[in-house]
1. Need the failing condition index for residue B:285 against (1) more than 9 Å from chain A (Cβ to nearest Cβ); (2) at pLDDT 80 or above, just the number.
2. Go through B:246, B:280, B:212 for me and flag whichever is polar (S, T, N, Q), over 27 Å from residue A:16 (Cβ atoms), assigned to a helix (DSSP H, G or I) and free of Cβ contacts under 8 Å to residues at least 12 places away in the same chain.
3. Which condition breaks for residue B:267 when tested against (1) more than 14 Å from chain A (Cβ to nearest Cβ); (2) polar (S, T, N, Q); (3) in contact with a Lys or Arg (Cβ under 8 Å, 6 or more places away or on another chain)?
4. State all residues of region A:42-70 that are polar (S, T, N, Q) and part of a loop (DSSP other than H, G, I, E, B); if no residue qualifies, say none.
5. Hey, among B:253, B:210, which residue is under 53 Å from the mean Cα position of the chain (by Cα) and either outside the structural domain of residue B:326 (by TED's automatic domain parsing) or surrounded by 14 or more Cβ atoms within 10 Å (Cβ to Cβ) (or both)?
6. Of these, B:486, B:475, B:450, which one is closer than 28 Å to residue B:332 by Cα, assigned by TED's automatic domain parsing to the domain that holds residue B:363, of a type in the set (Gly, Ala, Ser) and at pLDDT 85 or above?
7. Spot the failing condition for residue B:435; the list is (1) without any contact (Cβ under 8 Å) to a residue 60 or more places away in the chain; (2) under 19 Å from residue B:493 (Cα atoms); (3) of a type in the set (Val, Ile, Thr), and only one is missed.
8. Enumerate the pairs (first residue in region B:167-183 and more than 15 Å from residue B:100 (Cβ to Cβ); second residue anywhere and of a type in the set (S, T, N, Q)) with beta-carbon separation below 7 Å, excluding pairs fewer than 6 apart on the same chain, so at least 6 apart or on different chains.
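The values are calculated or read from the model by the stated rules, or taken from the named source; none is laboratory data. Every value quoted in this text rests on a predicted model; they were computed, and no experiment measured them. A quick note on method: Cβ atoms are made from the backbone with ideal geometry, for glycine too, and the neighbour counts reach across all protein chains shown.
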Amino acid sequence: MSSRTIEQPVQIVMIEDDEGHARLIEKNIRRAGVNNPISPFANGHDALRYLFGADGSGLVNKGKPLLVLLDLNLPDMTGVDILRRIKTNEHLKRVPVVVLTTTDDAVEIQRCYDLGCNVYITKPVNYENFANAIRQLGLFFSVIQVPSPD
Amino acid sequence: MAQRTPLPNLQPILLGVGFTLLVVISVATVFLVDRAATDTQRLTQTLSVEDKLSNVLLSVRRAESSQRGYLFTDDARYLKEFYEAEPEARQLVEELRTLTRDNPARQATLDAVSNALDAKFKEMTETVSLNQRGEADAARRLVLSDAGRTITENLRKTISEAIIDEARVAAERTAQSRQTSELLLYVTLAGAALIVLIGAISVVLVQRNSRQREAAQTELEATNANLERIVEYRTADLTEANEEIQRFAYIVSHDLRSPLVNIMGFTSELEALRKDIFEQVAKLSPDAVAPDANTAQPADPAPAGEIARLGADFDEAIRFIKTSIGNMDRLINAVLKLSREGRREFQPEQVDMNALLESIAGTVTHRAVELGARIEVDRLPDVETDRLAVEQIFANLVDNALKYGREGVPLLIDITGRANATHAIYDVRDNGRGIDPADHLRVFELFRRSGDQNRPGEGIGLAHVRALVRRLGGSIGVTSALAEGSTFTVTLPRRWAAGRRNKA
């Protein structure tokens, strides 16, 4: 990401309805030394409006370096739908999506990868593991290459 | 139904009556046939008597004509028939005597005939002798005396009376014979009619019975179909309820996990903050600033000892929270695991139970050697079932047996099996510490354990085993006494029922 920050820093879009989880995720990402901007959304509709713009075409985010952190259990829709829409959108399909959720059902995991999810992480109850996972995710973010804006 | 009940009793009665009648008719027929034969024989006899009587007269006539021919011609050749006639007539009379032995009237007739013959032949022999001696005139006078003619006339009368009498008897016997034949015909006809009647009644009864049986069968089939439908509905209801419970367990455990992540996360954050907080508090404490200050000061906010005590309380609270979260997480995971197992689809196949148990014993060899335990597997019957499920069932039971050994007793785990027509029954027996009879049902419940809680575990294993056995269509039970060991008995259907739900 450091290579990108010069032009335009990668923006992390966090779709997580549980405020506590959102806070813990953010804290641990920051602890890993990742300072990229994080846009939190507590429900699916707001997140979709942000990602796809008012016209729903996704044109607003064309060429912007984005990374989506997605929870599957949302109050207004399932994260799987959001994942599908991102991965089938002309302008957003190359955006990396990290699914971070409590669901560890094998079928669900398979479905997410089938739809084009890039990483699937299960939230562990053990906080040490959780914090570690998030921090490593942060480290991962710092080296991850997102597609160039074109 | 009430009006049908006497019918099954009527049939044997009818058959009995019919059979008796047939026997009576048969006896009557035999008797009548015999009588007809006797009648015929007697009739023949009568006719024969008539015939012979006529012949006697004929013989006398022949003798007479022969005698007269001789007297007339004086030629000895005419005497040939005369000499033949007497023995012939005598012979006939003898035969008649035999034939009419039982008829006194006829015997009297024959006596008369005999006398007449004597007289007649005496008279004729005399004429013949006179002529031979050349006294032809004397012979002719004797003939002309009409003595011989009178005898012959009397004989003829006697015989013709007897013949008339015999003819009367013959007519009587003919009538009787006809009567017997008629009777025989009627009896035979009656028998035939009876047989036809009984046959018809039997056919009607059989038809009626078969109709009743058909009706009963149809009714039974309808009832069965209805029953099957009811069972189907119930099964569908149960399956649905079970699926609902599985979904519920799954969703609840997932949703419970989410707040737990927060509780654990922020508790850890608090723990991380603790150091900072207590450092700040210690800075505010006068002890830290001036350790030699007047201890009698009542306004002191917090002495060092007090702070340490607060720190210990804080740590204790955090520790309890974290332990509880850990426990809760394990329980939620257990529920999740059970609900996930309940959702797995079964793949029925023929399972070689000996191979399966040997493989389970193989995986625990290391532990068994450490514990000095021995695992013995007897010859086991095979079953058609889900391999993974049975493997989990028996692995759990063997694992439990290894886990709950008895101090100072070398552990022996013995697995035996037997089969009946429909089910295979397996016993996993150990000589471990045993289970209190009061807990025999409890051990199969989720999160429930028995005896000293000195072994690790969550109380999931047997609940899981029971859920699996039930889903396979079987049952599980335990017999055990404390300090004697336990026997877990697993009963599984030998054939996979097609109707069984493969999915819960």
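1. That leaves (2) as the condition not met.
2. Unique residue meeting the criteria: B:280.
3. Unmet condition: (1).
4. The answer is A:43, A:57.
5. Of the residues listed, the single one that is under 53 Å from the mean Cα position of the chain (by Cα) and either outside the structural domain of residue B:326 (by TED's automatic domain parsing) or surrounded by 14 or more Cβ atoms within 10 Å (Cβ to Cβ) (or both) is B:210.
6. Of the residues listed, the single one that is closer than 28 Å to residue B:332 by Cα, assigned by TED's automatic domain parsing to the domain that holds residue B:363, of a type in the set (Gly, Ala, Ser) and at pLDDT 85 or above is B:475.
7. Of everything listed in (1) without any contact (Cβ under 8 Å) to a residue 60 or more places away in the chain; (2) under 19 Å from residue B:493 (Cα atoms); (3) of a type in the set (Val, Ile, Thr), residue B:435 misses just condition (2).
8. From residues that are more than 15 Å from residue B:100 (Cβ to Cβ), the pairs are B:177/B:40.
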